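Participant: Once you've had a glance at the structure underneath, I'll fire off some questions.
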Amino acid sequence: MKIDSVSLHYLRMPLVSPFETSFGRSLERDCILITVQSEGLEGYGECVADRDPGYCYETVGTAWHILKDYIIPALLGQDVADAADYQRRVRRVRGHMLAKAGLEMAIWDLLGKRQERSLRDLLGGERRRVEVGVSVGLQASPEVLVEQVGRYIAEGYRRIKIKIKPGRDVDDTTAVRQAFPSVLLQVDANSAYSLETVMTLRPLDDLDLLLIEQPLHEDDLWEHHYVQQQFRTAICLDESIISARHARAALEMNACRIINIKAGRVGGLSEAVAIHNLCRERRVPVWCGGMLETGVGRASNLALASLPGFVLPGDISASARYYAEDITQERFTLNPDSTIDVPEGPGLGVHLDQAAVKKFTLRTETFK
Ligand code: OSB
Ligand code: MG
């Protein structure tokens, strides 16, 4: 596939409600929409870097720089065969996984459009719909949290994840568990604890949680091994797993029993599939994480989560949980059984709503 041109669009979209985690609170979500022109076709990618380096070190600004000055120049005018070929061409860029993954997504979309095959088929996905849950941000109080969770359960979500941070952990989680004794429940700390403070979470071990996500430092594997030894509940790693190599190390040192897979965090869908394959061989459950994606990234997550090893519900909620207006013509809705349909069309299977893209774009740059 000859790469004729690439455009970057800096998007800022209002969220339907503020999203607060241990690293900050957002009322809007920034990202980069990447469009790639190749031999008369257009591929879409979403780079999930945010405005601030709260989740990881990358931001829209760093990703724009890496894409513009390194990744795009390595591709323009070149004949890129597939995702593996793309990864070889950008191998000399160290790190910057979110930047690399955004462009890889557009390569997959082009590949699917050329071959008239869905991304699900290209990746080896098997399901037509995937089980999903909802990630609930920190709320004003445990009472407000219980009300919010109740609304999501009434909408049909059967798996709830709540964000925690020091001082807003055991009481919040206990309140939700008491109000909803049988709901599938898990918590996410986004690296807010240290080995010194993590034992304050000990009471969570009696709340029948599916997992405790990323309690310690975003670059740590080994200290999570001590935490997993102290808890009956499975530790799940998100931030710390940036490659299949890290996943293998984490499993070999018993740093976790479950892995959250996000294509963005690991440099692309191809590495995400590699982690899935590794975990499946070892019978380690995985699930698909989310980064508040637009319809473009959401379509990609649904295709990934259709692979057989994704045995736990993903953080892939309906479009309406995030955005009143999205940039794709397609909107994703929740089925009554807490699933979302995987797109069937070629590539990602979504189409941009150009008026919405224009409305949310702060800046565009095209490279030929
Ligand atoms: O840690 O899983 C996370 C959103 C932004 C950054 C990090 C995370 C999240 C979420 C939201 O939990 C998941 C979603 O997209 O619904
Ligand atoms: Mg997480």
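Each value in this text was obtained by applying a stated rule to the coordinates, not by laboratory testing. Quick caveat: nothing in here was measured; it's all calculated off a predicted structure. Reconstructed Cβ throughout: ideal geometry from the backbone, glycine too, with neighbour counts over all protein chains shown.
Participant: Please state the relative contact order of the chain as a whole percent: Cα pairs under 8 Å, 6+ residues apart?
Facilitator: After rounding, I find 22 percent.
Participant: Next up: Step through the table entries Lys262/Lys368; Lys165/Lys262; Lys163/Lys359, compare each Cα-Cα distance with 26 Å, and write down the pairs that go over it. Working shown, then result.
Facilitator: Working: Lys262/Lys368 30 Å; Lys165/Lys262 22 Å; Lys163/Lys359 31 Å.
Table pairs above 26 Å Cα-Cα are Lys262/Lys368; Lys163/Lys359.
Participant: For region 224-266 and region 18-63, what is the separation of their C-alpha centers, rounded to whole Å?
Facilitator: Comparing the Cα centres of region 224-266 and region 18-63, I get a distance of 24 Å.
Participant: Which length gain, in nm to one decimal place, applies between Ala320 and Ser243 when the Cα-Cα distance is subtracted from 0.36 nm times their residue separation? Can you show the working numbers first?
Facilitator: Values: separation 77, 0.36 × 77 = 27.72 nm, distance 3.12 nm.
Answer, rounded to one decimal: 24.6 nm.
Participant: To check you understand DSSP bridge types, tell me what percent of the beta bridges within the chain (both residues inside) are antiparallel, rounded to 5. Each step should come with its number before you reach the end.
Facilitator: Working: 32 of 52 bridges.
Expressed as a percentage, antiparallel bridges in the chain total about 60.
Participant: Please give me the summed charge of the neighbours of Glu39: other residues whose Cβ is under 11 Å from its Cβ, Lys and Arg +1, Asp and Glu -1. Before the final figure, lay out the partial values.
Facilitator: Numbers: positive: Lys2, Lys113, Arg114; negative: Asp4, Glu42, Asp79.
My count for the surroundings of Glu39 gives 0.
Participant: Report the paramagnetic label zone for Gln230: residues of region 22-59 whose backbone N is under 17 Å from a point 7 Å from Cα along the Cα-to-Cβ axis.
Facilitator: none
Participant: Further question: Which whole-Hz couplings ³J(HN,Hα) result when phi for each residue of region 299-309 is put into the Karplus expression 6.51 cos²θ - 1.76 cosθ + 1.60, θ = phi - 60°, listed in order with x for Gly and Pro?
Facilitator: With coefficients 6.51, -1.76 and 1.60, one gets 4, 5, 4, 5, 5, 4, 5, 7, 6, x, x Hz.
Participant: Also, quick follow-up: Run the numbers on region 135-254 and let me know its relative contact order in percent, using alpha-carbon pairs under 8 Å that are six or more apart. Intermediate results must be reported in sequence, preceding the final value.
Facilitator: Values: 173 pairs, mean separation 24.0, N = 120.
Relative contact order, region 135-254: 20 percent.
Participant: For region 146-151, just list the computed ³J(HN,Hα) in residue order, Karplus coefficients 6.51, -1.76 and 1.60, θ = phi - 60°, integers in Hz, with x standing in for Gly and Pro.
Facilitator: 4, 4, 5, 4, x, 5
Participant: While we're on this one: Scaled to the compact-protein estimate 2.2 N^0.38 Å, what is the alpha-carbon radius of gyration of region 102-257, rounded to two decimal places?
Facilitator: Details: Rg = 18.1 Å, N = 156, 2.2 N^0.38 = 15.0 Å.
Cα Rg divided by the expected 2.2 N^0.38 Å: 1.21.
Participant: Something else now. Which residue, Leu184, Tyr70, Gln139, has the largest displacement toward the positive end of the dipole of the chain when charges sit on each Cβ (Lys, Arg +1; Asp, Glu -1)?
Facilitator: Going by the Cα projections, it comes out as Tyr70.
Participant: For the chain, max minus min Cα coordinate along each principal axis, in Å, sorted largest first?
Facilitator: In descending order, the Cα extents are 57, 41, 36 Å.
Participant: Further, regarding this structure: Starting from 0.36 nm per residue, how many nanometres of slack lie between Asp79 and Val144 once their C-alpha separation is accounted for?
Facilitator: Values: separation 65, 0.36 × 65 = 23.40 nm, distance 5.37 nm.
Extending this stretch completely gives an extra 18.0 nm.
Participant: How many nm is it between the label spots at Gln115 and Glu39, if each spot is 7 Å from the Cα in line with the beta carbon?
Facilitator: Label-label distance for Gln115 and Glu39, simple model: 1.3 nm.
Participant: Still on this structure, please answer the following. To the nearest Å, what is the center-to-center distance of region 300-368 and region 141-156, using C-alpha atoms only?
Facilitator: Between the Cα centre of region 300-368 and that of region 141-156, the gap is 24 Å.
Participant: Calculate the spin-label point distance for Asp341 paired with Met199, positioning each point 7 Å from the Cα along the beta-carbon direction, and give it in nanometres.
Facilitator: 5.3
Participant: Provide the FRET efficiency to the nearest 0.05 for the Trp222-Arg92 pair, computing r from the beta carbons and using R0 = 22 Å. Please report the intermediate quantities before stating the final value.
Facilitator: Numbers: r = 29 Å, r/R0 = 1.30.
For Trp222 and Arg92, the calculated efficiency is 0.15.
Participant: Still on this structure: Can you tell me the FRET efficiency between Gln329 and Tyr70 if r is taken as the Cβ-Cβ distance and R0 is 51 Å, rounded to the nearest 0.05? Write down the numbers at each step before the final one.
Facilitator: On the way: r = 32 Å, r/R0 = 0.63.
Working from the Cβ atoms, E equals 0.95.
Participant: Starting at the first residue of region 14-31, write each ³J(HN,Hα) from the Karplus equation 6.51 cos²θ - 1.76 cosθ + 1.60 with θ = phi - 60°, in whole Hz, x for Gly and Pro.
Facilitator: Values, residue by residue: x, 7, 5, 8, x, 10, 10, 10, 5, 9, x, 10, 10, 9, 9, 10, 9, 6 Hz.
Participant: Here is a further query. Summing Lys, Arg as +1 and Asp, Glu as -1, what charge do residues with Cβ under 11 Å from the Cβ of Ala106 carry, Ala106 excluded?
Facilitator: Summing Lys and Arg as +1 and Asp and Glu as -1 gives -3.
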